[in-house]
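Here the structure comes first, spelled out in structure tokens, and everything after it is commentary.
The values are calculated or read from the model by the stated rules, or taken from the named source; none is laboratory data. These numbers were taken from a predicted model, which means no experiment stands behind them. Cβ atoms come from the backbone with ideal geometry, glycine included; neighbour counts cover every protein chain shown. Remember, those area values only see protein heavy atoms, side chains included, never the ligands or the DNA or RNA. Shrake-Rupley method; radii C 1.70, N 1.55, O 1.52, S 1.80 Å.
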Amino acid sequence: MKILISTDIEGVAGVFHSEQVRAGNGEYERARAWMTAEANAAVQGAIAGGAEDILVNDSHGGFRNLLPDGLDERARLVLGKPRYLGMMGGLEEGCDAVFMIGYHSRSQGRGILAHTINSFAFARVFINGMELGEAGLYGALAGEMGVPVILATGDDVFISETSDLFPGAQWVQTKVAHGQGSGITLSPAASRRAIAAAAETAVRNLKKAVPFRIPAPIECRLQTQSSALADLFCMWPTLERVDGVTLKFTTDSMQSAVRTLNSLAAMSFMLR
């Protein structure tokens with residue numbers, strides 16, 4: 001059994017401020033160590049539940065935050081970008097299930113450090129009329145490949161937004177959000193214990209899991225953070241302007257939709 005552990009940082013216990021998720025300061029160095037430790041807890045639980053092969057995908061920012069020399073040696077690490085599958089890089093190797101560790105709620109929500117893919121560029125993302133954050137977008141990409149999400153961790157707002165998408169999954173609430181940058185958190189040690197226990201249960205219950213699938217064609221409607229961003233993005237000939245800050249496009253798969261969104265996020269750096 002092969003498990004992909006996609007690991008973000010905003011949903012990790014103890015993380016509340018943007019300085020903790022951006023390289024170049026001491027707070028980030030401590031947070032990336034907590035991120036690595038939560039990934040290790042997921043590895044340990046997955047192996048206890050019967051997993052034999054584990055890939056850990058670094059899914060934050062530039063995709064090079066996890067500490068390779070701190071990772072459980074029984075896992076392999078997916079690092080760096082660009083990659084076609086983004087936060088699901090590794091699924092191309094043929095995985096049986098996905099864990100989402102340290103995830104966060106979608107943009108415009110009340111979760112801690114809430115955003116969707118790119119906080120500078122994207123305000124809201126809708127797929128076939130359904131508003132989704134990163135977990136929904138990438139969970140649908142995994143589902144398109146026949147792979148279910150069986151464990152997810154993050155704050156209470158993230159869980160409330162996402163739990164209906166992944167029936168049968170295990171959930172670990174690491175924090176309670178009081179706002180974008182405040183709330184109540186488990187200690188890192190308590191969070192790791194909860195993640196390890198939930199990971200073991202998730203793997204043992206894998207047969208009950210159902211992939212999250214969105215049928216094609218896929219219509220993506222994107223609300224940008226400014227009209228200037230919509231101007232820039234609509235230089236892409238297949239994108240259609242809806243209003244000052246909204247555009248849409250249609251494609252034949254979730255993978256194509258996610259790749260398009262990630263390409264637009266990269267384009268947005270022209271306006272920073």
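Each peptide among 26-32, 99-105 gets the average number of other Cβ atoms lying within 10 Å of its residues, and from highest to lowest they stand as 99-105, 26-32.
Calculated on the Cα set of region 1-115, radius of gyration then Dmax: 13.7, 39 Å. Evaluated over the Cα positions of region 145-246, the convex hull gives a direction-averaged projected area, one quarter of its surface, of 9.4 nm².
Using protein chains only and a probe of 1.4 angstrom, how many square angstrom of TRP236 are accessible, to the nearest 10? For TRP236, solvent-accessible area is about 80 Å².
Highest average first, the peptides 154-163, 225-234 ordered by how many other beta carbon atoms sit within 10 Å of their residues are 154-163, 225-234. Working ranking of peptides 141-149, 74-82, 15-23 by packing, defined as the average number of other Cβ atoms within 10 Å per residue, highest first, is 141-149, 15-23, 74-82. May I ask you to derive the relative contact order of the chain, considering only C-alpha pairs under 8 Å and at least 6 residues apart, and to give it as an integer percent? About 21 percent, as a whole number. Within the accessible surface of the chain, defined with a 1.4 Å probe on protein heavy atoms only, the carbon and sulfur portion equals 50 percent. Per residue, the chain exposes 41 Å² of accessible surface when a 1.4 Å probe is rolled over the protein heavy atoms with every protein chain present.
Look at where the Cα atoms of region 65-113 and of region 168-216 average out, and the two centres are 14 Å apart.
Run the Debye formula on the Cα coordinates of the chain, all scatterers equal and no solvent, and tell me log10 I(q)/I(0) at q = 0.16 1/Å. The computed values of log10 I(q)/I(0) come out as -1.21. Residues whose amide H lies under 5 Å from that of GLN170, counting only those 5 or more places away or on a different chain, are LEU151, ALA152; hydrogens are built 1.01 Å from N in the peptide plane.
Against the chain, whose longest principal axis is taken from its Cα atoms, helix 26-49 shows a tilt of about 60°. Kirkwood radius and radius of gyration were both taken over the C-alpha atoms of region 75-159, and their ratio Rg/Rh is 0.96. Taking the C-alpha atoms only, the angle from helix 188-204 to the longest principal axis of the chain is near 90 degrees. Among beta bridges from DSSP that stay inside the chain, the antiparallel ones total about 45%.
For LYS207, a cut-off of 19 angstrom between C-alpha atoms picks up these aspartates and glutamates, skipping any fewer than 8 places away in its own chain: GLU52, ASP53, ASP96, GLU144, ASP164. Expressed to the nearest 5 percent, the antiparallel share of DSSP beta bridges inside region 132-272 is 70 percent.
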